[in-house]
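The values are calculated or read from the model by the stated rules, or taken from the named source; none is laboratory data. In this text, all values refer to a predicted model and were calculated from it rather than measured experimentally. With ideal geometry, Cβ positions are generated from the backbone for all residues, glycine too; neighbour counts draw on all protein chains shown. Only protein heavy atoms, including side chains, enter the accessible area calculation; ligands, DNA and RNA are left aside. Shrake-Rupley method; radii C 1.70, N 1.55, O 1.52, S 1.80 Å.
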Amino acid sequence: MLRIEKLQAWYGPSHILQGVEMQVGRGEIVCLIGRNGAGKTTTLRSVMGLAGRSTGSVTFEGTSLLPLPTHRRNALGLGYVPEERRIVQGLSVRDNLRLGLLASTHKRREQDVIAEIAETFPRLAERLDQDAITMSGGEQQMLAIARAMVSRPKLIMLDEPSEGIMPVLVDEMFALFARLRDEGTTILLVEQNVELALGIADRAYIMDQGMIVHEGPAKALLADADIQERYCSV
Amino acid sequence: MEGLSLDLVVLQLFTGLALGAIYVLLALGMSLLFGMLTVVNFAHGAFYMLGAYVGIMLLGVGFNFWLCLLFVPLVVGSVGLLCERFLIRRLYGRGIDYPLLLTFGLSYIMVECVRIVFGTTGLQFDTPDALVGATDIGIGYFPTYRLFVIAVTFVVLGLLWLFLERTPYGLIIRAGARDPQIVRILGIDVARVWLVVFGIGTGLAALAGLLAAPLQGASPEMGNSILAEAFVVTVVGGMGSLVGAVIAGLLVGVVVAMTSLLAPEMAQVSIFALMAVVLLIRPQGFFGRAGLMS
Ligand SMILES: Nc1ncnc2c1ncn2[C@@H]1O[C@H](COP(=O)(O)OP(=O)(O)O)[C@@H](O)[C@H]1O
Ligand SMILES: [Mg+2]
């Protein structure tokens, strides 16, 4: 579904990604792990067209992404929840959700979406008219995920969704990811919480210094303390 | 203060509000452009001037003033759209000085074109017949046209508020002003939104110029002098804040009017003194976000 080949990316003069090779198949949860500064965020940003200069090839369902502007990549069915969440200050929870619906390519009715939110994210449904930025970190993360999901992306990329969030909420969030996958959404997950991530992922890639240094079934990696020690310990 | 009756002060307050209304219309556009596009539009004064001259042209081909109120912003707004689409758009993301220099140049071109077509001397702009004279506002007679300027400004403010707060397009604009990147991530073509914003901003400037013309006539340079004042209003209100533009615009208008009453020679200076005081106390202006300029 998503195929990344020889992806290189630069921020100004610094060469960050040095030939990343990854694939995400339909219906999978694939997790991308690695130390801080390895290039995980840059990889996702590059797929979304937000990194600096990028070369190589990124295709999504056969469409080449690199020439496309960010909003067109979303229209193809790519959702992205950035590390910083980017909840829009001064907008209510409802307006933040609406933003996810406004792109002309997604035709869904607001009432249907709100009803769906109420089921999946009851906490958000209770706070629809609250200024979104006043919610707790966990609630904001839920909102960021909900906002990316309202347009029903085929593939959603999440960057460290569990960062700075209470353990109870993290468990809830990972249960949600598993459910989304079962309902047909493909997920590319960047996580520092290696054990949890490997626990729900089908496959995993390990990144170091802008390259993929290891890949394999999540179960195998979970059992391999040596590799985890080498590439993931902070 | 003896010799100044309360009525006179209140009447002067209204004069200030009418002047402030013009500032508000100008500063709204500037603030909108800065807040969303981080473009300091030095051509804003030229669009204001163009508003007056396009009004003169339309009146010349048989439009009445009321139709001008509608068509002048549309015509000048379209000129603004073209400038954005073909010139300014190329400079986004290159820092604040590139668009600044470009719009500075654009303003010279527009002023020079108007000089060539309409001559260098100013033109008179008659107050529309229905608005000539004065109206009793309870405490005395006040020029009807000035009341009209205040009223139009409040109607425009109301419409703009409805547009920004109650329409999907407005939501995109508000979100885009805060964080264009997330708007793109969510699948929205921000460039198209910016185009609309530029059209609205320049259209508002043109409306201000048209409304000001019966008060002070039209001249090719009319935009230059008011640009500095509109800039002060934008800074005092807080760059990027629309509420700030409204409050600061009215405040500056009133301050100018009151100073004219008490010490006419200080009127121009008072604007900049006000700015200095506000910025010393609150560097980001009334409603500006701290650090926006850095
Ligand atoms: N905007 C940027 N400008 C310059 N360098 C950056 C920028 N963002 C990230 N980097 C650098 O790119 C490298 C990879 O960062 P990142 O992709 O954020 O890593 P990760 O998400 O794996 O922690 C780091 O060395 C970081 O310093
Ligand atoms: Mg990161």
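A simple spin-label model places pseudo-atoms 7 Å from Cα toward Cβ; at B:F163 and A:K107 they are separated by 2.7 nm.
Based on the Cβ-Cβ distance from A:R230 to A:E183, what FRET efficiency comes out when R0 is 30 Å, to the nearest 0.05? Efficiency, from the Cβ-Cβ distance: 0.25.
Computed from Cα atoms, the angle from the helix B:6-37 axis to the main principal axis of chain B rounds to 10 degrees.
Backbone amide hydrogens, once placed in the peptide plane, bring A:S92 within less than 5 Å of A:A132, excluding anything fewer than 5 places away on its chain.
Based on C-alpha pairs under 8 angstrom that are at least 6 apart in sequence, chain A has a relative contact order of 29 percent. A straight Cα-to-Cα reach below 19 Å connects A:K40 with the lysines A:K6, residues fewer than 8 places away in its own chain not being considered. Using C-alpha pairs under 8 Å with a sequence gap of at least 6, the mean separation divided by the residue count of the range A:89-152 gives a relative contact order of 52 percent.
Figure legend: label point modelled 7 angstrom from the Cα of B:T127 along Cα→Cβ; residues of the range B:209-252 with amide N under 19 Å from it are B:209-219. What the Cβ-Cβ distance of A:Q130 and A:R152 gives, at R0 = 22 Å and to the nearest 0.05, is a FRET efficiency of 0.30. Counting only DSSP H runs of at least 4 residues, each contributing -39500 (n - 2.57), and dividing by the residue count of chain A, the helix-based mean residue ellipticity at 222 nm comes to -11000 deg cm²/dmol.
If a spin label sat at a point 7 angstrom from the Cα of B:V155 along the line to its beta carbon, the backbone N atoms of the range B:201-230 nearer than 18 Å would be those of B:203-215. In plain terms, the C-alpha convex hull of the range B:106-214 casts an average shadow of 10.5 nm² when viewed from every direction.
Working note: Karplus 6.51/-1.76/1.60 with θ = phi - 60° gives the range B:152-169 the couplings 4, 4, 5, 5, 4, 4, x, 5, 5, 4, 4, 4, 6, 9, 10, 10, x, 4 Hz, where Gly and Pro are set to x.
Residues in the range A:143-157 carry Karplus couplings, in order, of 5, 4, 5, 4, 5, 6, 7, 4, 8, 6, x, 7, 10, 10, 10 Hz; the curve used is 6.51 cos²θ - 1.76 cosθ + 1.60 with θ = phi - 60°, and Gly or Pro positions show x. Counting only DSSP H runs of at least 4 residues, each contributing -39500 (n - 2.57), and dividing by the residue count of chain B, the helix-based mean residue ellipticity at 222 nm comes to -24500 deg cm²/dmol.
Dipole magnitude for the range B:22-223: about 640 debye, using +1 per Lys or Arg Cβ and -1 per Asp or Glu Cβ, origin at the Cα centre. Taking amide H as placed 1.01 Å from N in the peptide plane, the amide H of A:V20 sits under 5 Å from that of A:K6, A:L7, A:Q8, each at least 5 places away or on another chain. A cut-off of 5 Å between modelled amide H atoms, ignoring neighbours fewer than 5 places along the same chain, links A:G52 with A:W10.
Mean sequence separation of contacting Cα pairs (under 8 Å, at least six apart), scaled by the length of chain B, corresponds to a relative contact order of 37 percent.
3J(HN,Hα) couplings calculated from phi for the range B:216-228 with the Karplus curve 6.51 cos²θ - 1.76 cosθ + 1.60 (θ = phi - 60°) are, in sequence order, 9, x, 10, 9, x, 8, 4, x, 4, 5, 6, 4, 4 Hz; Gly and Pro show x. Placing A:K40, A:K154, A:K107 in order of accessible area, with the largest value first and a 1.4 Å probe, yields A:K107, A:K154, A:K40.
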